[in-house]
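Asker: Just passing along the structure, written as structure tokens.
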Amino acid sequence: MPQPDHSLRTRLVRAGVELLDREGPDALTLREIARRAGVSHGAPRRHFPTHLALLAAIAREGYRRLGREVAETVEHTDPDPRRQLLALGRLYLRFARTNHGMFALMFRHDLLRGNGIGLRDASEQLFGVLVDLIARARPDLAGTPGAPVVASALWANLHGIAALWQWGSLQTMVRDDDVEPLLRAALAAHLGIAATPSPADGRRTTC
């Protein structure tokens, strides 16, 4: 029995990631990904039975990229959970800005739901980091359903900031190109972190 050509799978995913970075999610057709990978338009079916399965494999690369950056940020930031949450918030907004196409693809609900590629596990693993930091920053929530709820609310807040900032909506309202005050306000709302920068930690965050 012929063995699967794993190099073909890798080439298809890599071609999809490069196409996504250059042209955005709308360019990710099976035919164009196959063309970029230098194979026939039917070749992707050997590894990906559906278009969604290939998109999910491409999105998983985004989760791996974000996961590596999250791990590095946590490792190299002051161990205080509130400072780590601030650093992760900056990372999330920066990731959304510098990986615009991948960011949009990663959170498509039709990819996260039952695709068999492991996106749900990857998403839950990153969410677990956030829940752990919330529980450490707010001991009153540790071991309770409140920690995932607050983590979800904070994530939704950050995701909304990232999306609205990219559309230009928030800049119109706040009349500023620095997203840092919005990040700090979001953290203050959920954790009680000071919403204004301290002299030792002040910086601008572009999104």
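Computed from the coordinates by the stated procedures, all read-outs in this text should not be read as laboratory data. Quick caveat: nothing in here was measured; it's all calculated off a predicted structure. Note that we place each Cβ from the backbone using ideal geometry, even for glycine, and neighbour counts take in every protein chain shown.
Asker: State which helices in the chain qualify, where a helix is a whole DSSP H run, it must extend 15 Å or more along its own axis by its Cα atoms, and its mean Kyte-Doolittle hydropathy must be at least -1.0.
Answerer: 6-23, 51-75, 81-98, 119-137, 146-167, 180-191
Asker: Only Cα pairs within less than 10 Å get springs; with that Gaussian network setup on the chain, which residue of 143, 67, 192 has the largest fluctuation?
Answerer: Residue with maximal mean-square fluctuation among 143, 67, 192: 143.
Asker: What FRET efficiency comes out for the pair residue 108/residue 156, r = Cβ-Cβ distance, R0 = 25 Å, nearest 0.05?
Answerer: The formula returns an efficiency of 0.95 here.
Asker: Still on this structure, please answer the following. Once fully extended, how much extra length lies between residue 100 and residue 26, figured as 0.36 nm per residue of separation less the alpha-carbon to alpha-carbon distance? Don't skip to the end; give the middle numbers.
Answerer: On the way: separation 74, 0.36 × 74 = 26.64 nm, distance 1.24 nm.
That pair, residue 100 and residue 26, stretches by 25.4 nm at full extension.
Asker: Would you calculate the separation in nanometres between label points at residue 40 and residue 178, each defined as 7 Å from the Cα along the Cα-to-beta-carbon direction?
Answerer: 5.9
Asker: Give me the percent of Cα-Cα pairs in segment 61-191 that sit more than 20 Å apart, rounded to a whole number.
Answerer: When all Cα pairs of segment 61-191 are counted, 47 percent exceed 20 Å.
Asker: Turning to a different aspect of this structure: With the cut-off at 12 Å, report for segment 1-49 the share of all Cα pairs above it, as a whole percent.
Answerer: Counting pairs separated by more than 12 Å, the tail of P(r) holds 58 percent.
Asker: For segment 1-132, what size does the Cα cloud have along each of its three principal axes, sorted from largest down, in whole Å?
Answerer: 53, 32, 25
Asker: Arrange the following residues from fewest to most other Cβ atoms within 10 Å of their Cβ: 129, 179. Walk me through the intermediate numbers first.
Answerer: Working: 129 17, 179 24.
Fewest-to-most ranking of 129, 179: 129, 179.
Asker: Moving on to the next point. Under the rule of -39500 (n - 2.57) per DSSP H run of 4 or more residues, summed and divided by the residues of the chain, what mean residue ellipticity at 222 nm is obtained, to the nearest 500 deg cm²/dmol?
Answerer: Details: 10 runs with 139 residues, N = 207.
Rounded to the nearest 500, it is -21500 deg cm²/dmol.
Asker: Can you tell me what percent of all Cα-Cα pairs in segment 53-108 are more than 18 Å apart?
Answerer: When every Cα pair of segment 53-108 is considered, 36 percent fall beyond 18 Å.
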